[in-house]
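The values are calculated or read from the model by the stated rules, or taken from the named source; none is laboratory data. Worth saying up front: this structure is predicted, and the values here are computed from it rather than measured. Don't worry about glycine lacking a Cβ; one is built from the backbone with ideal geometry, like all the others, and counts go over all protein chains shown.
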Amino acid sequence: MKHKKKFIVKGVGAGKRAETSPAPTISARKERGITLIALVITIIVLLILAGVTIAMVVGDNGILTRAKKSKEQTNKATIKESIELAIVGALTEESNYTDVSAESLEKELARYFDISKINMIDNLDGTFAIYFMEENITYLVHGQEVEEIDWKNSFANEEAPAEQTETSKDIIGIGTNGKAVNMDLWEYCYDEVTNGYLLNDEEVSQNKEYNPNGTNTEKIMNNGYKGKITEEGKIEGFVPQYISEDKGENFKPVTSLYRTFQDLTDLRVQPNLPLTTLYMRSTFETCTNLANISLPSKVIDIVWCYGSTGITRVDNIPESVRKLDGVFYECNSLQYANIKIPNGVESLNQVFAGDEQLKEAQITIPDSVINMSFCFNECKNLEKGPSFIPKNVNDMESTFNNCRKLSGVMKIEANPANGRTCFNWVGYDTIDGFIIKVKDEDSKSFLEKIVDGSVGNQNIRVEIDW
């Protein structure tokens, strides 16, 4: 008689049937363990491969980095080649095939580049520095040679010139040509207003006109330039663009030329100016014999900068400029100023005031302008002014006062709150007179009241004709 084998399971009460399953074998446990280890190893390998792949793509020597460098090198080569072609064109225009003038070179550069996006400086030593704003690259032109200025190399290797005195032997200044300059020719101080160096003394920098937190010193006429003016009307040496006070360990840019050359009446040729300049308030004010103008591409403030100078024309204002009140006031030789006012400028107060020889000032005025008070005041020979006054202009006090030869048509969209003496004697000495065109009847009535309040208004008409 066969007996059924009984399974005894501890913990199972009577009357209850235990459910059992065979225990896993050793080989099954091993297979499961191997699978987990393999998974971990696989993940680690994938992470390593991902890291390697990412490094190959975006690392310091990765595909994207190399592609970017290759593109930059190609772009630099293209720029250099275009500059070389511009030099050839300039030499051809000069007809002597030896010397290139700043005027002819700039004209030729305009054939290859957007001239508003580059800044060319005549270093007045036979070289030109050409700064490309978007690429942040500066090229040095010497004769027919073109080379990129390596500022890092200049910072690392330039030393103070031997002629510098013992007191300034640790000071290194580097000019726009990437070479060391004689710092004995310059007064300077660190400038908290523009976070760079000011080429003037510390007491001058405390004038409240410049520094709202200053002490309002009366000593504001000092010049940052301490050298002489040559017989040719030039400064000695070169303007520093970067300055180090610790033997070249650290360099900071020159950012302010506040009153640096003010009242140097013998100065006839504007020196090369640092490309790093942001502030040029009163820089050349009352330099009565200064005949040329060239502004750095990043400059923001040029208030009173060229007031009472001998400049004859203005063709360009950098897009970076935001403040320019009185910039060309009482420039008695200025005749032409056909320029575009940068968007963002709010005030044109006294910009051309007292420029008695000014004939044309067909300036383009952006919507940002609010104040035009005294802008063309006493411009007695002005024949052509702006063709359009935008709607946001709110102050036109004496804007065209005594512009006796102003003629033609001007569209005025503004209804200024202050228009006192705006049109005194405007167009009085002309045959055809001066015509103001407005959009509607309300504007016509408003402008007619301003015209009626001005003396000598016989030759002014207000018409609805947009």
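Of note:
- E231 vs. criteria charged (D, E, K, R), farther than 18 Å from D325 by Cα and in a loop (DSSP other than H, G, I, E, B): yes
Matching residues to (1) at pLDDT below 80; (2) not aliphatic (A, V, I, L, M):
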residue	(1), (2)
M56	yes, no
D60	yes, yes
T65	yes, yes
K69	yes, yes
N75	no, yes
I79	no, no
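- Condition met for E249 (closer than 24 Å to P161 by Cβ and either over 19 Å from the mean Cα position of the chain (by Cα) or modelled with pLDDT under 95 (or both)): yes
- Residue count for the range 260-309, restricted to those that are touching a residue at least 40 places away in the same chain (Cβ under 8 Å), of a type outside the set (A, V, I, L, M) and in contact with a Cys (Cβ under 8 Å, 6 or more places away or on another chain): 3
- Subset of the range 370-396 [part of a loop (DSSP other than H, G, I, E, B) and over 20 Å from V409 (Cβ atoms)]: I370, S373, F374, N377, E378, K380, N392, N394
- Among residues of the range 431-449, those that are modelled with pLDDT under 95 and of a type in the set (V, I, T), counted: 1
- The criterion of being of a type in the set (S, T, Y), closer than 30 Å to V181 by Cβ and assigned to a helix (DSSP H, G or I) does not hold for S70.
- Filtered residues of the range 184-223 (kept if loosely packed, with under 15 Cβ neighbours inside 10 Å and assigned to a helix (DSSP H, G or I)): E202
- Some residue of the range 262-278 being on the phi < 0 side of the Ramachandran plot, outside any loop (DSSP other than H, G, I, E, B) and buried (at least 23 other Cβ atoms within 10 Å of the Cβ): no
- Residue within the range 228-237 that is surrounded by 17 or more Cβ atoms within 10 Å (Cβ to Cβ) and modelled with pLDDT under 90 present: yes
- Looking across T364, T421, T399, one residue alone is crowded, with 22+ Cβ neighbours inside 10 Å and of a type in the set (V, I, T). It is T399.
- I317 being modelled with pLDDT of 95 or more and in a loop (DSSP other than H, G, I, E, B): no
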